[in-house]
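Heads up: the structure comes next, in C-alpha cells.
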Amino acid sequence: MLHIQIIQVGKTKDSYFRQAEQEYVKRLGRYGKITIDTVDNDEKILSRINKDSYVIALVINGKEFSSEDFAEKLRQIERTGHISFLIGGPHGLSANVIDSSDFSLSFSKMTFTHQMIRIILLEQIYRAGTIIEGKKYHY
C-alpha cells in the first residue's frame with residue numbers, strides 16, 4: 001500500500017482551504033494512506049521524512065509536468081511504497097531541504113500561496129490516481 005506524506009510549513013489558517021484539504025484526503029484514501037504533517041519552519045522538515053521515502057520538494061524552479069506525466073512519475077516511484085512531498089512556507093524551502101530531496105517539482109513558474117499550493121498538490125495527486133486507474137475524472 002502506498003503511503004503519501006505531505007510535510008508542510010505552517011498551518012492552514014483559512015477554513016475553506018482546510019475543507020478542501022479534508023475532501024481530497026478523503027478521496028485519496030482509496031489510493032493508499034495519506035498523512036499531512038505540519039511543522040513550524042523548514043528546519044524541522046528533514047526530521048519528519050520517512051527514511052525509505054522518495055522525497056519531492058515543491059519549488060518554483062523544479063520540473064514541470066502535464067497531469068499525465070505527473071501520473072506516470074508517481075506510477076514509477078510508487079514501488080518505493082512511500083512518497084514525501086515537501087511544501088515550504090511563505091519564503092519557500094531552504095537550499096538544504098531542496099538539496100536533500102530526490103526530485104524538485106514545480107506546478108508553475110507563477111507564485112502561489114503556500115496554503116493554495118497544498119490544495120493544488122492534493123488535487124493533482126488525486127487526478128494522477130484517476131489517470132492511473134483509467135477513471136473519468138481526467139478528460
| field | region 45-62: number of residues that are in a helix (DSSP H, G or I) and within 24 Å of Lys109 (Cα to Cα) | value | 1
| task | Identify, by number, the condition in (1) β-branched (Val, Ile, Thr); (2) in contact with a strand residue (DSSP E or B) (Cβ under 8 Å, 6 or more places away or on another chain); (3) over 29 Å from Glu133 (Cα atoms); (4) surrounded by fewer than 18 Cβ atoms within 10 Å (Cβ to Cβ) that Thr113 doesn't meet. | result | (2)
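Being farther than 15 Å from Leu121 by Cβ, in contact with a helix residue (DSSP H, G or I) (Cβ under 8 Å, 6 or more places away or on another chain) and surrounded by 15 or more Cβ atoms within 10 Å (Cβ to Cβ) is the requirement here; does Val97 meet it?
yes
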| query | So which residues in region 7-55 are more than 24 Å from Ser100 (Cβ to Cβ) and without any contact (Cβ under 8 Å) to a residue 40 or more places away in the chain? | reply | Ser15, Tyr16, Arg18, Gln19, Gln22, Glu23, Lys26, Gly29
| query | What is the one condition in (1) under 14 Å from Pro90 (Cα atoms); (2) assigned to a strand (DSSP E or B) that Ile4 does not satisfy? | reply | (1)
| said: Which count do you get for residues in region 104-139 that are in a loop (DSSP other than H, G, I, E, B), over 13 Å from Ile60 (Cα atoms) and free of Cβ contacts under 8 Å to residues at least 24 places away in the same chain? | reply: 5
| request: Please find, within region 8-44, the residue that is surrounded by the most Cβ atoms within 10 Å (Cβ to Cβ) out of those that are in contact with a strand residue (DSSP E or B) (Cβ under 9 Å, 6 or more places away or on another chain) and assigned to a loop (DSSP other than H, G, I, E, B). | output: Thr12
| remark: By residue number, the members of region 37-54 that are hydrophobic (A, V, I, L, M, F, W, C) and farther than 18 Å from Pro90 by Cβ are Leu46, Ile49
| query | Does Phe85 fit the bill of being within 19 Å of Met110 (Cβ to Cβ), of a type in the set (Phe, Trp, Tyr) and part of a strand (DSSP E or B)? | reply | yes
| field | Pairs where the first residue, in region 64-82, is within 16 Å of Ile120 (Cβ to Cβ) and modelled with pLDDT of 95 or more and the second is assigned to a loop (DSSP other than H, G, I, E, B) and among the polar types (S, T, N, Q), C-beta under 7 Å, 6+ apart | value | Glu64/Ser106
| message | Residue under question is Ile45, and the condition is that it be among the aliphatic types (A, V, I, L, M), modelled with pLDDT of 95 or more and in contact with a Gly (Cβ under 9 Å, 6 or more places away or on another chain); does it hold? | response | yes
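The values are calculated or read from the model by the stated rules, or taken from the named source; none is laboratory data. All values derive from a computational prediction rather than experimental measurement. Reconstructed Cβ throughout: ideal geometry from the backbone, glycine too, with neighbour counts over all protein chains shown.
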